[in-house]
Each structure stands twice: as structure tokens, then as C-alpha cells.
1. At 0.36 nm per residue, minus the direct Cα-Cα distance, what do A:Thr218 and A:Glu167 gain on full extension? Give it in nm, one decimal, please.
2. Would you please give the FRET efficiency between A:Ser234 and A:Phe114, computed as 1/(1 + (r/R0)^6) with r the Cβ-Cβ distance and R0 = 45 Å, to the nearest 0.05?
3. Taking R0 as 41 Å, what FRET efficiency do you get between A:Phe205 and A:Lys55 from their Cβ-Cβ distance, rounded to the nearest 0.05?
4. For the residue pair B:Lys267 and B:Thr247, what label-to-label distance in nm results when each label sits 7 Å from Cα along the Cα-to-beta-carbon direction?
5. Roughly what would the spin-label model give for B:Tyr59 and A:Tyr72, points 7 Å off Cα along C-beta, in nm?
6. With axes computed from alpha carbons, what is the tilt in degrees of helix A:225-235 against the longest principal axis of chain A, rounded to the nearest 10 within 0 to 90?
7. Apply 1/(1 + (r/R0)^6) to the Cβ-Cβ distance of A:Asn45 and B:Thr289, taking R0 = 30 Å, and write down the FRET efficiency to the nearest 0.05.
8. Taking a cut-off of 25 Å between Cα atoms, list the lysines near A:Lys173, but don't count ones fewer than 8 places away on the same chain.
Amino acid sequence: MTASHRFSRILVQAILLAGGFAMVLPFLWMALTSFKTATESTSMNPFVIFPSDWKWENYTEVLRQYDFVRLYWNTFAMMALRIVCSLLFSAMAAYAFARLKFPGRSLFFGLVLFQMMVPTQIFIIPQYLMVDALGMRNTIFALVFPGLVSAFGTFLLRQFFMGLPKELEEAAKLDGCSIGQTFVRVMLPLVRSGLVALGIFTALFAFKDLMWPMIVNTSADAATLSSALAKIQSAYSVHYPQLMAAAVLAIWPMLLVYVIFQKQFIEGIATSGGKL
Amino acid sequence: MSKEHGRAFRSQTLSEWLWGWFLIAPTIVGLIVLNIVPIGQTAYLSLFKSGDFGKGNVYVGFDNYRKMAHDPQVWHALGNTLLYALLVVPLSIAFAMLVAVLLNGKTRGKSLYRTVYFIPMVAAPAAVTMVWKWLYNEHFGLLNYGLSRLGMSAVDWTTDPNVAMFSIAVIGIWSVVGYNMVLLLAGLQEIPRDFYEASDIDGAGKLQRFFVITLPLVSPTLFFVVVTSMIQAMQVFDVIYMMIEVTNPAYDHTVSLVYLFYNNAFKYFNKGYGSAIVMLLLVLILIVTAIQMKVQKKWVQYL
């Protein structure tokens, strides 16, 4: 190995390390601050990096004031129901668009494409008015409502179905499978990676969304983690250690899921990116 | 015989039609109710003035659009939205490309770096913005502490009208670099090795190799990332909402179209004006996307 080669390898590692540090620094600072007292967090001389002793007081205070069990449940239920709906309905529609011939196919698929090109904010006022008219504000249903069906999911899974060989269906047909049986037993298992990717996209989108839960579920009991944080921030605006404790409480479940399933997350996004 | 055959064929075709309609029905009905009709409703609502107590909606024709043309806030928001997109999209993609190229090889720690760079993507923007706001804090923030150690004076990261948008863009870039990197890396890995081997024989330098081989071959992925990032960036809301209150002196220099839409529709309860603003956003996104589709022929190379 030449000297210049070795130098370039060190340089590459240095750049990557610096970038990686920048990625995690905000999270480290969030966690460190959450264990400090208010005085420690605002002390500049000396500047306190590590809390002198690690106290859970900020957490207990935040948990006392806000019902996080409720927030976890609301967020989890919203994500779970959105995943179920978008996977089920998108897989059905995607299979039909990819594999079946029927009148109106391109017209209806045009609708799917059209929805994807329009910014989602354009749907929000009418969707809010619908939820309001149904008397369903401040419910889990309201949180799930805009995600009942997914144009994006339909498009994504269609790409996966289109990649499967034609012979599979012919063989299934010869075995006497109906179209429904072919879809469920033969084709669906083969697009599992697409379903996983769509599940991850749906979960992340629902978890991160701020505007919709803020608009439709204004009562504290019906908030999600994200929309509750917006409220907590305006209530505690100066007590940063408590704010950081609330932020940690809001993000750790998703971080944990990510750390466990990191391979699926990254590969799901990488493969579907290539398909879009 | 042929009659029999014809009937069998017809019943089979019919069953395929029925299955097709049955399978798409939930999605299509859902899309029509949740998305297609609402587009029309929003467009219709933008012709009304709403909000005054007990008065309900009053038809005002194109007054909301006329009002928008003379509303300095709308012009601020339009400029801010474009500035945000023009800061975040090129820079985040440039950084993502740099990292992807560095990782696309036998770099040590590749999968660990990939995992780490992707972390901001799985955190809620509401939480992330809170910690950035704390890092940016004028008096007690880590950033200004670092500056003071270097002998520099403090910066009002979130309240100085000339600075705040850049502070927000940093968060936007930080949040999406990992996502874009994963997509670009997947694109880079599809480039056949032979291309690089051929260039090794030609004795091309690393930089030359990047511009002559890598960039053109990854251009379809890059195009996809640019178009989707641009659409995403023009819908920016969360970060600005969490960072800048309406009373912040930098509000006019940071408010985005979606933030302005939110304020008008759900804070001031003027859904008509809010609808008009979101129609403007629609037009903006369609124009920008159309331009990109047009320009792509000049630089995107499909194999």
C-alpha cells in the first residue's frame, strides 16, 4: 500500500467520522441535557457537559404532567392501523394494476399517479371538515383517516408485482387457482420485501407527522407523541432539561425499533427507491 | 367447439374484470373521497371568505387571490419556501453524494456509517427541532459556547432575521442526508464494475472518474432524489413551526407557505384564504416539477 493510498483512506475515515458525529451529536446533547438540573443546563462558567449526578427528576416531572402511556398508545394505534390499511388495500390494488386486465385500468391508475403529484396540504381542510362532520375529532379514527388508503403504497407495490415472472400465474391457473387464490397464496408472499418497505414508510410517516394530529386531535388525551411535543414546548419553553426529557420519551421507541430492524429499514428504502 | 371455447374465454375475462374492480375498489373509493374530491373542495373554498363568527362562508370570487397578490406575508412565504428548498436540496444531496461515494467501496465500517447517518430520519421532527433549538440557544446553547471558546461573539441563531433561515436549513439538511445517501448508494451499487476497470486502464484520476463515469451513470437515481426532495422541501412546515413562533422577530424571514396556510386555516380560522395559499403551493410545485422534467433530458442518462 502506497503512502498516498493510506493517506486517502485516513482522510475518508476522518470525513465519515466527522459527519457521523454531527448526526449523533444532537441526540447525545438531548440525552445529556435531560439528566441535568435547570441550573446545570444554563451554567456557562463552568460550562457543564456531563450532569454532576444523573437524575431522573426531569423524566418523573414530565411523566407526572403528561400522560405518556396515553400518547404511546395513540401513536402506536395510529401507526398499526395505518400500516394494516395501507398494506391490505395497496397490495390488492397494486396486484390488479400490475397483473390483471380490466376496463378502466389506466384511468384509475392515472388517479393514483395524480394523487402522488399533489401536495398533501391540499387535502387537509376538506379532510378535517369530514372528520368534524362525522363527529370523530379527538379519536384514533381521526388520526388514521387520511391514511386509510395509500396512492404511494399502491404505486410502490405495483412496481414489485410487475417484477415477478408471468409463468407463476400461468402455473397457478393450471393448478386450478382462482385469481384471488393466486394473489393471496402465490403472488403476495413473493413481494414480502415490498410489503416490509411500505410498512416502514407508513410507520415513519405516521410517527413523524405533526400537522394533521395537531389539527384534528386538539385535546391532550387524543394527541400523538409529535403533536404533544409541540404543546409541551410551548408550556415549558424555558426549562430545557424537562423539554429534552420529553423529547427523549417521544423518540426512544422508534429509535429502538430502528436499531433492532436497521437492516430492514435501510434495505427497504434502498430497494424501493430503485423501484420508484 | 369454438362456441364453447368462446364462452369459456368470456367467463374467464369477465372474472378477471370483476376481480380487477373488486381489488382496486377500496383504494379507488378511498382516493376519490379522501383526495380527489378534496382537491375540488379546496379550490372551491378558495373562492370564499370564512371566519367571521356566525357569518359562515361568504362568496368572494377571486378576492382571496387578489388579496394574496398584495399580501407581503405571502410574498415572504413564497420567497422563504424557495430559499429553503434551494438551500436544502442541493446541499443535502451534495453531502449525501459525498458520503455515498466514500462508502461505495471497501470502506471500513460501511454498514455502521450507513446506520448512523440514517438515524435522523427515524426521529420525529418535533423532537429533533426542540434539541436543535436548544443547541442554537443564544445564551446557553452548545453552539454559542463553542463560538465563545474560539473567541467569537455569539450569534442569535433563531431570532436574527438574516440568520434564522440558514439555521433552519441546517436542520433540514441534517435530517435528510442519510435518507438521500441510502438511495444514492443503492444507485451507485448498480453501476457495473467493468466501467471502473476500463477507466483504471485509461489512467483516469479519482475526480475525473467521478464526473465521467459515476455521475452520468447514477443520474437517473439522482434525478429521482432531486425531484422528490424538491417537492418535500417546498412543503416544509414542522421544523419552522417548532422553531419560530409568530412573535419571533425572524418570523417574516422564515415563515413558509405551509406554515402560513396552517396559521390562516387553523389559527385565524380563515379557511378560504388558507385554501387560496395552498392552491398557490400546488401551482408552485407543479411548475417546479415540470421545469425539472423538461431539464432532465439535458443531464439524465438512461442506459
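1. Contour length minus Cα-Cα distance gives 13.1 nm.
2. My answer for the efficiency is 0.75.
3. The value I calculate is 0.70.
4. 1.2 nm
5. Here the modelled spin labels are 5.4 nm apart.
6. Orientation of helix A:225-235: about 30 degrees from the principal axis.
7. Calculated value: 0.05.
8. Hits, sequence-local ones excluded: A:Lys101, B:Lys3.
A short reminder: the numbers here are calculations on the coordinates, not readings from a lab. Note that this is a predicted model, so its numbers are computed, not measured. Methodologically, a virtual Cβ is constructed for each residue, glycine included, from the backbone with ideal geometry; neighbour enumeration extends over all protein chains shown.
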